[in-house]
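Participant: Following this message is one structure expressed as structure tokens.
The values are calculated or read from the model by the stated rules, or taken from the named source; none is laboratory data. Small disclaimer: the values here were computed from a predicted structure and weren't measured. Glycine gets a Cβ as well: all are built from the backbone with ideal geometry, and neighbour counts include every protein chain shown. The area values use the complete protein model at the heavy-atom level, side chains included, leaving out ligands, DNA and RNA. Shrake-Rupley method; radii C 1.70, N 1.55, O 1.52, S 1.80 Å.
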Amino acid sequence: MRFDPPPRIAAVVDWLPPTTDTAAAAVAGGRVTAETAAKDGYLELPVSDGPSGPEMAVLAAAKAIGEAGCPPETIGLVAHAWIYHQGHDFWSPAHYVAQHAGAVRAVPLGVQQMCNGGATAIELAAVRLAADPTLERALVTTGDRFAAPGFDRWQGDYGVAYGDGATALVLDRERGPYQLLAAHTAAAPDLESMHRGHDAFSAAPRANGETLDIRRTKKAFLGDGRGPHFAATAGQGVARAVQGALADVGLAPDDPRLSHLLLPRLGRSVLEAAYLPGVEQLGLSGVEVLDLGARTGHLGAGDAPAGLAHLHARGLLEPGRIAILLSAGAGFTWTALLVATR
């Protein structure tokens, strides 16, 4: 999907708690094996000692709104994405974020697209800006806290360790240092059982009170012999998303304006098995591929906006250059966002 005219990105930030849990400490404490830590390449994870996902999203939102220099009451849409428990069971975290960020006139929208949620929320907000001429700007947030005892951040999943944190991005019709050129999404719904396995449908969330065990459903999926199919399909999904975004704006893979491709913050073992093969077949020339998860872990729905926040904070996206933000989420969906400097 090409955006014409492209909306501006007035601000993009991440908010990570200052407390971290290192892989070395986790290995020493028996919370992850040395083999797994080495294979996946995570060095440390940010850990919230208090704020929930929505509360961290509010902190990120305040930072982004301040950088954008816009009154919060002029924000007409708040899209909040997450993947894990938001602190209450029967409740709208998007409305909480809007209220406490000062966007009291905004329409709050919750986006539950698993780990692809941040990219999906950006795409949805851009579509609303294009469709509604009365909407001046939108706020997109993500926020997750993977706290024990409900979640085992180091060993609850295969090839992924989870860090706490939030992101916020302000889309504006006219102001901002970046342009969102395109968003392209590919999907493979036949992979949804990877996170369902053979489990029966329950009557209440986690009624048995046990720690969430993502490995159990993946074991069932792999036990059905579907591992090779997933690896091949994931590579194809990556290629379809990126190729589609480039085609949407008429860019060739070797266009010299392309500067960075940012990977989802999955473990090295998962990236090498299922994602990098798709990137390698794209024929991107002169593009720096960045894996930024070693010191943050996987940020739930926030990997894509956090990637752009990394480029912005360090001034890495030079004038006239274009970055590809690659996002992926269970179900499965893959989204590529093309972001350019003005």
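Participant: Pull out all pairs, ordered by first then second residue, where Cβ-Cβ is under 7 Å, the residues are six or more apart or on different chains, the first lies in segment 52-69 and is more than 10 Å from Gly143 (Cα to Cα), and the second is assigned to a helix (DSSP H, G or I).
Facilitator: Pairs found: Ala61/Val97; Ile65/Pro72.
Participant: Scan segment 181-190 and tell me whether some residue there is open to solvent by less than 60 Å² (accessible area, probe 1.4 Å), outside any strand (DSSP E or B) and either under 20 Å from Asp40 (Cα atoms) or at pLDDT below 95 (or both).
Facilitator: yes
Participant: Could you list, in sequence order, all residues of segment 247-269 that are under 24 Å from Pro189 (Cβ atoms), more than 16 Å from the chain's Cα centre (by Cα) and not small (Gly, Ala, Ser)?
Facilitator: Asp248 - this is the single residue of segment 247-269 that is under 24 Å from Pro189 (Cβ atoms), more than 16 Å from the chain's Cα centre (by Cα) and not small (Gly, Ala, Ser).
Participant: Determine if segment 184-200 includes at least one residue that is touching a residue at least 40 places away in the same chain (Cβ under 8 Å) and more than 15 Å from Ala330 (Cβ to Cβ).
Facilitator: Yes, some residue in segment 184-200 is touching a residue at least 40 places away in the same chain (Cβ under 8 Å) and more than 15 Å from Ala330 (Cβ to Cβ).
Participant: Then there's this: Quick one: would you say Asp132 is among the acidic types (Asp, Glu) and in contact with a Phe, Trp or Tyr (Cβ under 9 Å, 6 or more places away or on another chain)?
Facilitator: The answer is no for Asp132.
Participant: Return the total of residues in segment 298-331 being outside any helix (DSSP H, G or I) and closer than 13 Å to Leu266 by Cβ.
Facilitator: 7
Participant: Please work out if His80 is of a type outside the set (A, V, I, L, M, F, W, C), within 20 Å of the chain's Cα centre (by Cα), modelled with pLDDT of 95 or more and more than 17 Å from Ala10 (Cβ to Cβ).
Facilitator: Yes; evaluated as a whole, the condition is true for this residue.
Participant: Looking at segment 285-297, which of the residues that are modelled with pLDDT of 95 or more, assigned to a loop (DSSP other than H, G, I, E, B) and not β-branched (Val, Ile, Thr) is most open to solvent (accessible area, probe 1.4 Å)?
Facilitator: Arg295
Participant: If you scan segment 69-87, which residues turn out to be of a type in the set (Ser, Thr, Tyr) and either under 17 Å from Gly118 (Cα atoms) or buried (at least 24 other Cβ atoms within 10 Å of the Cβ) (or both)?
Facilitator: Selection gives Tyr84 alone.
Participant: Can you pull out every residue in segment 88-105 that is in contact with a helix residue (DSSP H, G or I) (Cβ under 8 Å, 6 or more places away or on another chain) and open to solvent by 40 Å² or more (accessible area, probe 1.4 Å)?
Facilitator: Tyr96, His100, Val104, Arg105
Participant: Looking for whichever is among the small types (Gly, Ala, Ser), open to solvent by 30 Å² or more (accessible area, probe 1.4 Å) and at pLDDT below 95 here; the options are Gly66, Gly50. Which one fits?
Facilitator: Only one candidate qualifies: Gly50.
Participant: A follow-up question, please. Identify, from the list Ala252, Ala245, the residue that is not in a loop (DSSP other than H, G, I, E, B) and not aromatic (Phe, Trp, Tyr).
Facilitator: Of the residues listed, the single one that is not in a loop (DSSP other than H, G, I, E, B) and not aromatic (Phe, Trp, Tyr) is Ala245.
Participant: Quick one: would you say Ala204 is open to solvent by less than 70 Å² (accessible area, probe 1.4 Å) and free of Cβ contacts under 8 Å to residues at least 24 places away in the same chain?
Facilitator: For Ala204, the condition - open to solvent by less than 70 Å² (accessible area, probe 1.4 Å) and free of Cβ contacts under 8 Å to residues at least 24 places away in the same chain - is met.
Participant: Mind listing just one residue for me: the one in segment 140-174 that is of a type in the set (Lys, Arg) and within 25 Å of Ser269 (Cα to Cα) and, of those, surrounded by the fewest Cβ atoms within 10 Å (Cβ to Cβ)?
Facilitator: Per the stated criteria, the residue is Arg153.
Participant: Might you let me know whether segment 106-119 holds any residue that is over 14 Å from the mean Cα position of the chain (by Cα), crowded, with 21+ Cβ neighbours inside 10 Å and at pLDDT 95 or above?
Facilitator: Yes; the residues of segment 106-119 include at least one that is over 14 Å from the mean Cα position of the chain (by Cα), crowded, with 21+ Cβ neighbours inside 10 Å and at pLDDT 95 or above.
Participant: Go through segment 33-47 and count every residue that is assigned to a loop (DSSP other than H, G, I, E, B), touching a helix residue (DSSP H, G or I) at 6+ places or on another chain (Cβ under 6 Å) and surrounded by fewer than 19 Cβ atoms within 10 Å (Cβ to Cβ).
Facilitator: Summing the residues that are assigned to a loop (DSSP other than H, G, I, E, B), touching a helix residue (DSSP H, G or I) at 6+ places or on another chain (Cβ under 6 Å) and surrounded by fewer than 19 Cβ atoms within 10 Å (Cβ to Cβ) in segment 33-47 gives 2.
Participant: Select from segment 69-110 the residues that are assigned to a loop (DSSP other than H, G, I, E, B) and under 21 Å from Arg206 (Cβ atoms) and list them in ascending order.
Facilitator: Within segment 69-110, Trp82, Ile83, Tyr84, His85, Gln86, Gly87, His88, Asp89, Phe90, Trp91, Ser92 qualify.
Participant: A follow-up question, please. Evaluate the following for Val339: is it among the aliphatic types (A, V, I, L, M), at pLDDT 95 or above and more than 19 Å from the chain's Cα centre (by Cα)?
Facilitator: No.
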